[in-house]
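Right, one structure below, let's go through it.
Laboratory data are not the source of any read-out in this text; all were calculated from the coordinates shown. Worth saying up front: this structure is predicted, and the values here are computed from it rather than measured. When we count neighbours, we look across all protein chains shown, and the Cβ atoms used for this are built from the backbone with ideal geometry, even at glycine.
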Amino acid sequence: MIWVETLINGALLGGLYALLGIGLALVFGVMRVVNIAHGEFMVLSAFCAVLLSNLFPQVSPLLMLIPVIALSFAVGWLYQAVIVNRVVTSPDPLSPLLLTFGVSVILRNVTVEVFGADVRSLQVGELSRASLEIAGLNIGIMPLLTLVLAALLFMALQLVLRHTEFGRIVRATADRRDIVRLSGVKPDRVYNYVMGLSLALGAIGGVLLAVRSSFTPFSGAERLLIAFEVVVLGGLGSFWGALLGGIALGMAQLIGLKIDPNAGLLYAHLLFFIMLLIRPSGLVSSRV
Amino acid sequence: MASTIVLVALIAGAPFVLNEGFLRLATECLLLLTMAQMWNLLAGYAGLVSLGHQVFIAFGAYALFLTSGWLEVTPIWVLPVAPLVAGAVAAIIAFPLFRLRDAYFSIAMWVFAEIIGAFTMKSQEVGGTSGMPLATSKLINFDWFEPTMFWLAGGLTLVTIAALYKMMTSSFGLGLMSVRDNDLAAMSVGVDVRHNRFIAFVLSAAGCGLAGALSFMGNLFIAPLAAFDVNWSVYMMFIVIIGGIGTLEGPILGVIIFFGLRELMTGPLGLSGGWYLVGLGIIAVVVMIVAPRGIWPALRDRLGVRLLDVHRAAPRPATATILPGASERVTG
């Protein structure tokens, strides 16, 4: 029974991991850039939420998500417009990788210097401890809500990309950056919105993860690796694959923690590495 | 040739002139320069960016500490173990990792380093999280320790740069650069892309292993958090990016900027190490945007200076110069 509970909790954690990965997958799918600074932006959004809930202790920290999401969107827009767009068309595929890695180092160290290296967490009071009892299984409300939220967000994103004009423009830009210009689309501007959206999604994941477990300015690397593993495990550019990938990683991590309480992310990393050897194309192969 | 003799004489004589603190700094500089050259061999010449190169530094260093302890000999005599172990590890993991390209390779390397780091912290045989001291440190003659470390680092740096220069002017280097510039075109003229990348990867790992072993031998202590620190990759990358990726002179310039800025910011300006990394990161990002090939290539083109240039002129087209007799000689 305890193992069933572990598996279910792993699946719920996986919903959160999928949220970490989806922003990364979106940017990669549209502009072929792996944004290495994604993890640092997530940690920064968690710091913002902590800061805001210290300023307004009477408001629920979960409501802080709204301003943090808005801020993250703006930051993403600017980040793309000022920095990433300058290398996105570089003939050298390594340029965006190196550039975003440089940005991640800057952000990490600025966060350390500004907020200090202490361990932080976001308190949501009763909600984080509340749980449901179904058929003798103990299931946390907060993880359950997170998984539902992740699934809803994935559906919404899928709908937006499939059925709205914005979605069509984004998909067209992802396919042929040079041709969409003929229809009056400015690819750079589309990228700005996509990066904004990506960081907004990352902020949701970042804040919810901060509720679940504590974080430091150095947590960004961990979050990036999880996000990246979710994307690769799920198959590139496949949203539902990302959800599956997240669930697989969440389960691997919690089973690992049951076997060895201080394993951390080791078993999630191992699962990723083994999957890479067996199925380099991911669990689900499809496109945006 | 003359410049080589001058450099060797400088390195041989420096310990008699410099004080101990400065000598340590110079040793650190030289080791980091070697690591940066090795990272550059992979990124600048083979087109593979590794964000997990710290794993080879750690493998080299742990190999040295363990073998020296087992055999109970002075660490200097077992130094060759470090590059062998690091190179062997690289040769093994190259098989799965080479199926991945670009960013996938980079991050998979990082995940690999994380996995090995996590296992190291769990292994009590190598000291777990708290690390272990160099068991044979009592065999070291401490009167000559700092100078010896400096000579080893200096020798390694000179040999590395000379070997890289030799390699890049050979047909292997030409093949490597052709793969970086256009792998399809390189393949079409018969360059074995995978083979070239494999050699570069193993050499790069071996070099980092040796430099890492020397670095931790100087500390007489090793701990997983320091050995598997992702900042090793950050340093190597920033040095190469700022100085000039894909050039031999670039990392030299990069190391000068790296240490110059560090001594300036943490010394007279009194700033913390964090702000130093922020400053270095900003320089790297600005360089990547303004001069994507780095500072050295931009300077070189402006000033027309050539130091360790491995650039080749295209062969002159044989138009109209072929005399009636000459064409027969060519075909015959």
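Note: segment B:116-179, Cα convex hull, 148 Å³ per residue. Mind jotting down the distance between the C-alpha centroids of segment B:30-86 and segment A:243-259, whole Å? Between the Cα centres of segment A:243-259 and segment B:30-86 lies a distance of 33 Å. In segment B:230-308, a dipole from Cβ-located charges (positive for Lys and Arg, negative for Asp and Glu) runs towards its positive end, and of B:258, B:282, B:243 it is B:243 whose Cα lies farthest in that direction.
Length gained on full extension, residue B:302 to residue B:192, computed as 0.36 nm times the residue gap minus the Cα-Cα distance: 36.1 nm. The string of couplings for segment B:50-59 from the Karplus curve (6.51, -1.76, 1.60, θ = phi - 60°) is 9, 9, x, 5, 4, 5, 6, 4, 5, 4 Hz, one whole number per residue in order, with x for Gly and Pro.
Near residue B:271, the amide H atoms lying under 5 Å from its own belong to B:266; only residues 5 or more places off or on other chains count, and H is placed 1.01 Å from N. In percent, rounded to a whole number, the relative contact order of segment A:56-148 is 20, using alpha-carbon pairs under 8 Å and six or more apart. The mean sequence separation of alpha-carbon pairs under 8 Å and at least six residues apart, normalised by the residue count of chain A, gives a relative contact order of 39 percent. Ellipsoid fit via the Cα gyration tensor, chain B: semi-axes of 36, 24, 21 Å, each the root of five times an eigenvalue, largest first.
The orientation-averaged projection of the convex hull spanning the C-alpha atoms of segment A:74-170 amounts to 10.9 square nanometres. Axis angle, to the nearest 10 degrees, between helix A:187-212 and the longest C-alpha principal axis of chain A: 10 degrees. If you take all other residues with their beta carbon under 13 Å from the beta carbon of residue B:41, and give Lys and Arg +1 and Asp and Glu -1, the sum is +3. Around the Cα centre of segment B:15-167, unit charges on the Cβ atoms of Lys, Arg, Asp and Glu (plus for the first two, minus for the last two) sum to a dipole of about 400 debye. Taking the longest Cα principal axis of chain B as reference, the axis of helix B:193-219 is set at about 30 degrees.
Which aspartates and glutamates have a Cα lying under 16 Å from the Cα of residue B:138, excluding residues fewer than 8 positions away in the same chain? Output for residue B:138: B:72, B:146.
Cross-link partners for residue A:258 among the lysines, with Cα-Cα distance under 22 Å and sequence neighbours closer than 8 places in the same chain left out: B:122.
Treating r as the C-beta distance of residue B:124 and residue A:164 and R0 as 60 Å, the FRET efficiency rounds to 0.55. Taking Cα atoms only, the orientation of helix A:239-259 departs from the longest principal axis of chain A by about 30 degrees.
Highest mean packing comes first when the peptides B:284-296, B:175-187, B:36-48 are listed by Cβ atoms within 10 Å, giving B:36-48, B:284-296, B:175-187. In the protein assembly as shown, the convex hull through the Cα atoms has an average projected area of 34.9 nm², a quarter of its surface area.
Per residue, the convex hull spanned by the Cα atoms of chain A measures out at 135 cubic angstrom. Evaluated with a Cβ-only charge set (Lys, Arg +1; Asp, Glu -1), chain B carries a dipole of roughly 720 debye about its Cα centre, given to the nearest 20.
Can you tell which of A:195, A:142, A:155 shows the greatest fluctuation in a Gaussian network model of chain A with Cα springs below 10 Å? Answer for the Gaussian network model of chain A: A:155.
Peptides A:131-140, A:45-54, B:231-240 ranked from most to least packed, by the mean per-residue count of other Cβ atoms within 10 Å: B:231-240, A:45-54, A:131-140.
In the protein assembly as shown, the DSSP-assigned H stretches of four residues or longer account for a calculated mean residue ellipticity at 222 nm of -23000 deg cm²/dmol, using -39500 (n - 2.57) per stretch and the full residue count as denominator.
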